[in-house]
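Encoded as structure tokens, the structure appears first; notes follow it.
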Amino acid sequence: MSESLLEVRGLTIHHGQLCAIDDVSFSLNQGEVLTMIGANGAGKSTLLRTIAGLHHPTSGAIEFQGVDIVKMQPNRRVGLGISLVPEGRRLFSSMTLEENLQVGAFHAKKGPFSIERIYELFDWMPQRRKQHVWQLSGGEQQAVAIGRALVANPKVLLLDELSLGLAPIIVERIYALVPEIVAHGVSILIVEQDVAQGVTVANRVHCLLEGRTSLTGVPADLTSEQIDHAYFGAELAKATPQPGVGE
Amino acid sequence: MSNPPSPALDRNGLIAVRRSTHSAIYTLVGALILVVLLTAAPWIVPAEVATTLMNFFILVIMATMWNLLAGYAGMVSIGQQAFVGLGAYATLYLALKGMNPFVTIPLAAVACAVIAYPVTYLLFRLRGGYFSIATWVIADTAMLIIGTIAVLGGGTGRSMPGLQNLSPSQTAHYSYLATWVVALVVVTGTYYLLRSRLGLVLASIRDNEVAARSAGVHVRSARRIVFIIAAAGCGAAGAVLAISQPFIQPTNEFNMQWAAEMLFVSMIGGLGTIEGPIIGSIIFFILQQTLQQEGVWYLIIFGTIAVAIALWQPRGLWGAFRDRFHTELLPVGYWVGETKVKRKIRGGQT
Amino acid sequence: MIWLNVIVQGVLLGGFYALFACGLSLMFGVLKVINLAHGDMAVVAAYVAVFLTPHLHIPGVWSFLVVVPLFGLIGYVVQRTLIQKSIDRDPFTTLLVTFGLSVVIENLLLEAYTANGQTVNIGSLIAKSWHPASIIYISYVSLAVLAAAVLVLVLLQLFLSYTGTGRLIRAVADDREAAQLSGANYRHIFGIAAAIAFATVALAGIAYGMMTQFAPTSGGINLLFAFEAVVIGGIGSLWGTLVGGVALGVAQQFGAHLNPQYQVLAGNLLFLVVLAVRPQGLFGKKTALS
């Protein structure tokens, strides 16, 4: 049974005069993981920021559990149950690991994720809780950022470019947590440039090319050629010499 | 920015780029008439009107310089009175050495420029509001230092030497003409500066500093040049101020009031335009003359209007007028494509 | 020995400057705003204290109990209305608006109260002092102000470090957007920071009124000192502000000792030297530097 938790219809977003997202529609259902893939500049981060409330769309609708949230302030969306882990982590640099989590917990709703639960999820954290976040490695910082968002007990977790700046093995370990987070009742919308990782954890995939939808579907049904084609666009995919490329 | 007109091609099939609309030609004619009238003013109008005009010119000079600093180079200074005072005292110093006070005016401007140069190395270490207050510290320090120099009158002040040979009306006339000339030089100088390459550089810094820097613009050098120019301009204003006053003292020449007036006038008139400071000064003087009897109420009202304009109409009165009516009296930008006038193609056809 | 008294007086003065400056420091750290009307708020508080004291039938020395919370409230309201509106435009506008407000306030006070000096009447307390040594003279009022300054700074530091709201304030100061994403209403947090700033500066203003005569223009000169204290101590550090205030106070007292005319000048020169040699101040982070 899946109800549409987050629904986006005909969304168009501009950055000044540049059209970043052009008439994009999708929905995120309860308990699923939806991955948006696309190259740099495809508009993915802008999309997440707009869903989180940091950016205003030009037109279109964003509905959360049936409620239109387009005009809602970011902090109120957190109250509803939408949490964004922003691109680049954006931890509070003057504060310790624990303080970062405490800030996330201040406006938290009731739910399975408390600071102690986060410490169980990431067992290296308790010993390092009093350390300042600038002393942590990139992967550790990413974990803290996720923890900070989770501790608010969201219904929808938005993950923006988790892999950015991290070594592949670290990225793998972080993505390994996704099923466990979903098991706690959180639905996840992932934005990723790293196609392999993004597709591995996804129930559904949505590809963006220059702000427009180029491909949607279930990973099992999609071939890597189809994804390449949708990711890079027809001309570039043709230029790659690979046997069996369509058209 | 106002809506750009749709592109049109010139006779070579290229998109036309022009500097002005037709209104600029009319401005030139109007300006020439105005220049003639204002030069003859001391002989045409009563003495009090001439004095008011003179004070008006001083304000226009200071406001134009402040507008150059803030509206174009993005530096909010509340310490320009430092250079007003230094210009005044440079004039006094040279007059004490035996120079004709009127001759000292350009020298006072140069002196201020010279002092401004090392000052920028201190000031530019700070940004934003901290830069602003630091300019105030500089002004305060300059005032205090001058106040310790006995030969310049110390804290109590003294009168300007070298003017005793002239009759009161001669002094008034020459002061007026000197101030008028300085105002003319400053305003036209600023106009040509902003139409020059430096003006383009400044506009690019104002619009997007990061982009300007990555396009190769030397942001800090450009700002330094503007600061020095603004110091010179305020120095010249201070020089004519000193000449026009019977008594020169630090609390007057370095008064914070100049900073307030420069700022309010530019904000109300319109930051980032040349006409703005002039329009603002006109309004200021009208207000001041009307409310002269009421103590400092004119300043309170003017300040409140300035705050309101900053919050609700940040382009100022001239900015709003320019946006609505698409006219510019002193154009510093470029029009791409059509202007409103029928184009005169060489050969006489229209 | 006389130099010891100079230092003592400098330290006492420094306490006052730190109290005056901590609000300025907080508003810059959190809202990224320099409130050029900060000093005038102190003077207005002093005038309000003088005005209210006869009406409330309390001795002048306790007037701060009413005025300080009042100004906290005023600070919150002013921030949520005027200051927020100018922040929404750009930092430029905020400077212009706060400067404009400063001039308007000073001139309104001038119209209402004239340029004559006023004091907050604390009766005979003003004259009482302690003489630990024959030439060292510590007035009770100055000592009380220093104690109040240290107490305020300690409480503020504790509040910021150990309470949830304090953490939110620090979070907003670090990264406003990230704080919003963690559920913080940043406008409300700005309001709280402004309330604290206004409350502390009101306390400083009343303290000033107790120590000496004040007039409508007193705010301006004290803003200058507060700013110098912050820069000398280091932008972004609360305790740096205390050290900066003391350094400024001592410099001024040395200058005054040489010649009363040199008092303010000595402070300005110390500021300019620090700016030239160590622009981030003694304990500062480099946030306000180019």
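Just one of (1) away from chain C (no Cβ under 14 Å); (2) farther than 23 Å from residue A:175 by Cα; (3) surrounded by 17 or more Cβ atoms within 10 Å (Cβ to Cβ) trips up residue A:131, so point out which.
Checking residue A:131 against (1) away from chain C (no Cβ under 14 Å); (2) farther than 23 Å from residue A:175 by Cα; (3) surrounded by 17 or more Cβ atoms within 10 Å (Cβ to Cβ), the one that fails is (3).
Select from the range A:78-121 the residues that are surrounded by 20 or more Cβ atoms within 10 Å (Cβ to Cβ) and among the basic types (Lys, Arg) and write down the one among them that is farthest from the other protein chains (Cβ to nearest Cβ).
Within the range A:78-121, the match that is farthest from the other protein chains (Cβ to nearest Cβ) is A:89.
Here's the yes/no breakdown for (1) under 20 Å from residue B:134 (Cβ atoms); (2) surrounded by 17 or more Cβ atoms within 10 Å (Cβ to Cβ); (3) at pLDDT below 95:
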residue: B:175; (1), (2), (3): no, yes, yes
residue: B:196; (1), (2), (3): no, no, yes
residue: B:199; (1), (2), (3): no, yes, yes
residue: B:228; (1), (2), (3): yes, yes, no
residue: B:231; (1), (2), (3): yes, yes, no
residue: B:234; (1), (2), (3): yes, yes, no
residue: B:237; (1), (2), (3): no, yes, no
residue: B:251; (1), (2), (3): no, no, yes
residue: B:256; (1), (2), (3): yes, yes, yes
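Out of the residues in the range B:258-275 that are part of a helix (DSSP H, G or I) and of a type in the set (Gly, Ala, Ser), which is surrounded by the most Cβ atoms within 10 Å (Cβ to Cβ)?
So the residue we want is B:266.
Please determine whether any residue of the range B:317-329 is among the aliphatic types (A, V, I, L, M), touching a residue at least 40 places away in the same chain (Cβ under 8 Å), away from chain C (no Cβ under 14 Å) and assigned to a loop (DSSP other than H, G, I, E, B).
Let us first name the residues in the range B:317-329 that are among the aliphatic types (A, V, I, L, M), namely B:317, B:320, B:329.
Restricting the remaining residues to those that are touching a residue at least 40 places away in the same chain (Cβ under 8 Å) gives B:317, B:320, B:329.
Cutting the leftovers down to away from chain C (no Cβ under 14 Å) gives us B:317, B:320, B:329.
The next check asks that each one be assigned to a loop (DSSP other than H, G, I, E, B); those that pass are B:329.
Yes, that holds for at least one residue.
So which of A:103, A:85 is of a type outside the set (Gly, Ala, Ser), in contact (Cβ under 8 Å) with a residue 24 or more places away in the chain and closer than 25 Å to residue A:202 by Cα?
Every option except A:85 fails the conditions.
Spot the failing condition for residue C:54; the list is (1) away from chain B (no Cβ under 14 Å); (2) touching a residue at least 40 places away in the same chain (Cβ under 8 Å); (3) of a type outside the set (Gly, Ala, Ser); (4) over 18 Å from residue C:202 (Cα atoms), and only one is missed.
(2)
Can you list the helices (runs of 4 or more DSSP H) lying wholly within the range C:83-163 that have 2 or more residues being within 11 Å of chain B (Cβ to nearest Cβ) and surrounded by 12 or more Cβ atoms within 10 Å (Cβ to Cβ)?
In the range C:83-163, C:84-89, C:91-113 are the helices (runs of 4 or more DSSP H) which contain 2 or more residues that are within 11 Å of chain B (Cβ to nearest Cβ) and surrounded by 12 or more Cβ atoms within 10 Å (Cβ to Cβ).
Can you name every residue in the range B:102-137 that is of a type in the set (Phe, Trp, Tyr) and either out of contact with any strand residue (DSSP E or B) (no Cβ under 9 Å at 6 or more places or on another chain) or over 24 Å from residue C:102 (Cβ atoms) (or both)?
We begin by selecting, within the range B:102-137, every residue of a type in the set (Phe, Trp, Tyr); these are B:102, B:117, B:121, B:124, B:130-131, B:136.
If the condition is that a residue be of a type in the set (Phe, Trp, Tyr) and either out of contact with any strand residue (DSSP E or B) (no Cβ under 9 Å at 6 or more places or on another chain) or over 24 Å from residue C:102 (Cβ atoms) (or both), then B:102, B:117, B:121, B:124, B:131, B:136 are the ones that fit.
Tell me the helices (runs of 4 or more DSSP H) entirely within the range B:121-239 that contain at least 3 residues that are within 14 Å of chain C (Cβ to nearest Cβ).
In the range B:121-239, B:128-147, B:197-207, B:209-214 are the helices (runs of 4 or more DSSP H) which contain 3 or more residues that are within 14 Å of chain C (Cβ to nearest Cβ).
When you check residue B:44 against the structure, is it within 14 Å of another protein chain (Cβ to nearest Cβ) and either over 16 Å from residue B:142 (Cα atoms) or not basic (Lys, Arg) (or both), yes or no?
no
Restricting attention to the range C:201-216, which residues are out of contact with any helix residue (DSSP H, G or I) (no Cβ under 6 Å at 6 or more places or on another chain) and closer than 22 Å to residue B:139 by Cα?
C:215
Which one is farthest from the other protein chains (Cβ to nearest Cβ) among residues in the range C:235-254 that are outside any helix (DSSP H, G or I) and surrounded by fewer than 24 Cβ atoms within 10 Å (Cβ to Cβ)?
Only one residue tops the list, namely C:237.
Test residue C:124 against the criterion of being of a type in the set (Gly, Ala, Ser), modelled with pLDDT under 80 and farther than 19 Å from residue C:13 by Cβ, and give yes or no.
For residue C:124, the condition - of a type in the set (Gly, Ala, Ser), modelled with pLDDT under 80 and farther than 19 Å from residue C:13 by Cβ - is met.
If we scan the range A:62-77, do we find a residue that is within 14 Å of chain C (Cβ to nearest Cβ), in contact with a Pro (Cβ under 7 Å, 6 or more places away or on another chain) and closer than 30 Å to residue C:161 by Cβ?
Within the range A:62-77, none of the residues are within 14 Å of chain C (Cβ to nearest Cβ), in contact with a Pro (Cβ under 7 Å, 6 or more places away or on another chain) and closer than 30 Å to residue C:161 by Cβ.
Between A:177, A:189, A:164, A:157, which is touching a Ser or Thr at 6+ places or on another chain (Cβ under 7 Å) and surrounded by 15 or more Cβ atoms within 10 Å (Cβ to Cβ)?
Checking each option against the conditions leaves just A:157.
Being under 19 Å from the mean Cα position of the chain (by Cα) and of a type in the set (Ser, Thr, Tyr) is the filter here, so list the residues in the range B:121-136 that pass it.
Once the filter is applied, which keeps residues that are under 19 Å from the mean Cα position of the chain (by Cα) and of a type in the set (Ser, Thr, Tyr), the range B:121-136 yields B:132, B:135.
I'd like to verify a number: residues in the range A:46-60 that are more than 14 Å from chain C (Cβ to nearest Cβ) and within 15 Å of residue A:188 (Cα to Cα), how many?
1
The values are calculated or read from the model by the stated rules, or taken from the named source; none is laboratory data. Bear in mind the structure is a predicted one, so any value in this text is a computation, not a measurement. Note: ideal-geometry Cβ built from the backbone for every residue, glycine included; neighbour counts use all protein chains shown.
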